[in-house]
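Following: one structure in structure tokens, then a few remarks.
A short reminder: the numbers here are calculations on the coordinates, not readings from a lab. For clarity, every value in this text was computed on a predicted model and none was experimentally measured. When we count neighbours, we look across all protein chains shown, and the Cβ atoms used for this are built from the backbone with ideal geometry, even at glycine.
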Amino acid sequence: MWFILKSINLLCEYSLNPIGLDEKTPRFSWEVEVNDQGKFQSAYQILVASSREKIQNNHGDVWDSGKVKSEQSVNNVFEGKLLESGEKYFWKVKIWDEKGKEGLTSDISTFEMGLLNPKEWEGYWIEQDDDEIKGPLFRKDFTIEKDIKRARAYVTGLGYYELRLNGQKIGDKVLDPGWTDYDKRILYSTYDITKDLNKRKNAVGIMLGNGRYAPDEEYVKKTASVTPLHSLQVFGGKPVALLQINIEFCDGSKISIYTDNNWKVASGPITFNDIYNGEVYDARLEKEGWDIADYDDSDWEIVSKANPQPKGKLVSQTTFPTIKVSKTLYPKKIISPKPGVYVYDFGQNFTGWVRFRGVGKKGVKVKIKYAELLNNEGMLNTVPNRCADATDVYTFKGTGEEVYEPRFTYHGFRYVEIIGFSGTPSLKNIEGRVVHTAVPETGNFFCSNNLINKIHNNILWGQVSNLMSVPTDCPQRDERMGWMGDAQLLAEEAAYNFNMVGFYKKWLADMRDAQQEDGSVPDLVPPYWHRYPADPAWGTACLVIPWYVYLFFNDKRILEENYLMMKKWADFLQTNSKDNIILELGKYGDWCPPRHKHSVDTSLDLVSTWYYYHATLIVYRVAKILGKEKEAEKYNERAAKIKEAFNDRFIEEDGYSGTQYERGGNRGENLVPKDAPEEEKERIIKRWSKFFTEDSQTSNILPLYLDMVPDNKKDQILDALIHNITVVHSNHLNTGIIGTRYIMDVLTKNGYSDLAYKLATQTTYPSWGYMLKEGATTLWERWEYLADAGMNSHNHITFGTVDAWFYKVLAGINIDLSTPGFEEIVIKPIPINGLDSAGALLETIRGVISSKWQKGIESINLEVIIPGNSKAKIFVPKMDLENLVIEERGSIIWKDGEFKDKVSGINSGNEEKNYVMFSVNPGSYNFTTKSK
Ligand code: BGC
């Protein structure tokens, strides 16, 4: 048992012992392990050394921070010597407790730099000199004569690569590298291959897929025919690879192996691959042993230097979580709706593919088709996949049981159809491979209402299904884009459930790459479809995403890195406003309300102007945090003007409303490509021109959410909203994706948490419960069940925003906005009528937080864990008890309306409306209320 403080779980740039880092001034974070004596850090000392021996001898030759008086245990910036490319560093930290007592030194952690200098890439991009793209295989043999100390492979390939060494796949990444605008940035991965190399003979191999770098031409054509607005970003014509292996020997000498014209290439068994359409694999074309030394490659061609060489800057992928197979699922059912057609049901909608096994004669083809729905005959309904063929084809080589899973495609599905199987397949012939960006799961929510638990579970599935190196809208149809609106609405939910910091950091770099000179950002990032400028609700992702990273991780660097982008977007909105109202930019607004795709009740101008205000306010706050007082003032003043204009323009007699038709303008005008034919122009204008009613919940929700409503109007606006929900819509929401994001918070803040709960547990249309009742295992894009070729993804995350409310309000775990990164935690559960218990556990950058409550007959029991070096305000519900007594593990801490100073760690107690609020130190607490 330690009686002095210790730091644990050391992270460098949020990663455990990372290799291939390219942050030149990385940041260090640790958790403070609580004990009976010390709970807080008052000072720290970080040592960074160039060798293990030196760090063991407490010699920080690279950096010795000295004793720094600081409570900060998160994101302390490295300030030592210049960090060298490819070098490994060792670090540890010692902390002092609140009484100044010196603690134990941590264990030793490491970090290693990537290739920091572009000139260190000795080779160049290579490709197959063949006009047809056929999943090329690249190979090279090399010999090692000496004992290896350390070996690293730095590799990337566009669209996708698989790296192989001596017959094995290296690492567990799939669909790598992460998707970026390849003309601007290309991500490379770093692998530790020290143990994968042989003394003497070795072979390195690379397989390539097309990905979004060299998409299937058919897809390009088909998409372009959907609408001319979707002009596709096209890069190279064929896949390309780049690799460098750096080997350091025990005698100190070094060699490198890299891609150049000493490599050979041949077409492999993958004869077609495309993200949307699937993969075609002919096992007869496998080149047995191609990735092993001494393979006879005499009939292989010499590779070509890729022409053109990809333009993007090479950037390390180390801190960005990659796509992996996270789970294997087993099918629940198999049916045969027609002779020779077998349909499997996994009972769960998810993203990935299947691993197929079977026996077949040489040349026999099996078709594996994917869909989210079945039709009335029990066959797949592939119509909602739109242009995406979503079909993998496997040709047997006829050598006994063969196992196949695709590499360079992915699908969104619940059902799989197999055609061409010799004999009758069983449940054992396929397994589901769940694939997504492997963000660590950090949240865990549970409560006594099973419907809510199920909604939460559907949201988790929906969220991971749509993390495919960018936050996508859907995984199944011909879209799968980084739609900004979807992601910004979900930022809070995602941050509660997953560690999103590395994922968002990379996506923000994608956004900076995408921003144009005039400050405009596109609707989707990377801008694979060229859609500029974004709808304000979509574009404001470039402010909302960094803001949530800051709140959850106290990461000021993310604000610094993105401040210019944020400001430029807010300024772009100003340039495009008239008298502080945005009139021309809105395209989608409160997208997908009940019964419609378009925002029928809510004015686009209202939503756009509200986001203009929202964006401006965030810039104001960020400027303040970064100490830019003058700029803060400027944006604050601007925000005040927007608020005034918003209220002047949109408050009507019965609440906020945007009567758009008054300006007579046409919504679609700014979306019409100049050179489009007349008919097409008309079609687009008609499609996007909408008129609005006054039946909008969202119009009132938005100003209430940002406290914009003038005091003398507040009751009236709130009444209008409550009346609309309870009377007009009989306790149903009538919101699209924007209103739905904020409705729960607005109701709760204004004392209507019971009504919010009613909406959350509603089971008739439109509601989350309705989707579940209709068999949803994720969330739908629309409130209604649709199965045609329109917009009706059955795995959209846009309505998943309610999940943050489960954590904040039901479990009660909240961030104090003035102390981000959970430095001071607010635990304030609302014991909703009808709910018996709820709780959540969060793994944060400061350690685990947990809050769990259970109602007794008249009382409540609340158990809380607060991690080391954090403080908390814990609000214990009074439960309307007369002569209230609150005990902590049997000791009375509140009685006769007063705080009884009894339990160590609980510093004060005060009555606050329906709660008694205790200020506490780190530790675990167990409160029970009762009547004296
Ligand atoms: C996507 C949405 C997206 C929208 C923009 C759709 O096709 O699936 O989620 O935000 O377009 O209106």
#### Entry: Per DSSP, loop GluC sites (Glu not before Pro) in the stretch 859-908 with at most 10 further Cβ within 10 Å
Glu882
### Query
Which value, in debye to the nearest 20, gives the size of the charge dipole of the chain about its Cα centre, when Lys and Arg are +1 and Asp and Glu are -1 at the Cβ?
1440 debye
### Query
What net charge is computed for the residues neighbouring Ile148, neighbours being all others with C-beta under 15 Å from the C-beta of Ile148, Lys and Arg scored +1, Asp and Glu -1?
+4
### Query
To the nearest 20 debye, what is the magnitude of the charge dipole of the stretch 397-479 about its Cα centre, counting +1 on the Cβ of each Lys and Arg and -1 on the Cβ of each Asp and Glu?
140 debye
### Message
Taking a ≥ b ≥ c as the square roots of the Cα gyration tensor eigenvalues, with a/c under 1.5 meaning rounded and otherwise prolate when a/b beats b/c, else oblate, which class fits the chain?
### Response
oblate
### Mean residue ellipticity (222 nm) of the chain, computed from DSSP H runs ≥ 4 via -39,500 (n - 2.57), nearest 500
-7000 deg cm²/dmol
### Task
Please turn the phi angles of the stretch 350-363 into ³J(HN,Hα) values with the Karplus equation 6.51 cos²θ - 1.76 cosθ + 1.60 (θ = phi - 60°), one per residue in order, whole Hz, x for glycine and proline.
7, 10, x, 6, 10, 9, 10, 9, x, 10, x, 6, 3, x
### Query
Exposure proxy check: Arg355, Arg480, Arg52 ranked by fewest other beta carbons within 10 Å?
Arg52, Arg355, Arg480
### Message
What is the distance in Å between the Cα centroid of the stretch 596-626 and that of the stretch 105-173?
### Response
44 Å
### Task
For Met468, enumerate residues with amide H under 5 Å from its amide H, sequence gap 5+ or separate chain, H modeled in the peptide plane.
Thr437
### Query
Net charge near Leu21, counting Lys/Arg +1 and Asp/Glu -1 over other residues with Cβ under 15 Å of its Cβ?
-1
### Fewest-first ranking of Met565, Met744, Met379, using other Cβ atoms within 10 Å as the exposure measure
Met379, Met565, Met744
### Query
What are the residues whose amide H is under 5 Å from the amide H of Ile582, where those residues sit 5 or more places off or on another chain and H is modelled from the backbone?
Thr609
### Query
For the chain, with the dipole built from +1 on Lys and Arg beta-carbon atoms and -1 on Asp and Glu ones, taken about the Cα centre, which of Ser51, Ile830, Leu21 lies farthest toward the positive end?
Ser51
### Lys, Arg +1 and Asp, Glu -1 on Cβ, resulting dipole of the stretch 215-353 about Cα centre, debye, nearest 20
880 debye
### Query
Where the centre of each part is set by its Cα atoms, how far does the stretch 460-499 sit from the stretch 310-336, in angstrom?
14 Å
#### Entry: Residue among Ala776, Phe806, Thr763 farthest towards the positive dipole end of the stretch 742-809, charges placed on Cβ
Phe806
### Residues whose placed amide H lies under 5 Å from that of Arg433, excluding near-sequence neighbours
Leu329, Trp353, Val354, Arg355
### Centroid-to-centroid separation of the stretch 269-301 and the stretch 727-761 [C-alpha atoms, Å]
55 Å
### Summary
Per its Cα gyration tensor (rounded if a/c is under 1.5, else prolate when a/b beats b/c, else oblate), the stretch 806-932 is best filed as oblate
### Query
Would you list Cys474, Cys12, Cys250 from fewest to most Cβ contacts within 10 Å?
Cys250, Cys12, Cys474
### Task
Just order 303-315, 488-500, 360-372 by mean Cβ neighbour count inside 10 Å, highest at the front, would you?
488-500, 360-372, 303-315
#### Entry: Theoretical gain in end-to-end length, Asn376 to Asp711 [0.36 nm per residue, Cα-Cα removed]
115.1 nm
## Note on the structure
Expressed as a whole-number percentage, the relative contact order of the chain with C-alpha contacts under 8 angstrom and at least six residues apart is 10 percent
### Query
Going toward the positive end of the dipole of the stretch 112-151, with +1 on Lys and Arg Cβ and -1 on Asp and Glu Cβ, which of Pro136, Tyr124, Met113 do you reach last?
Met113
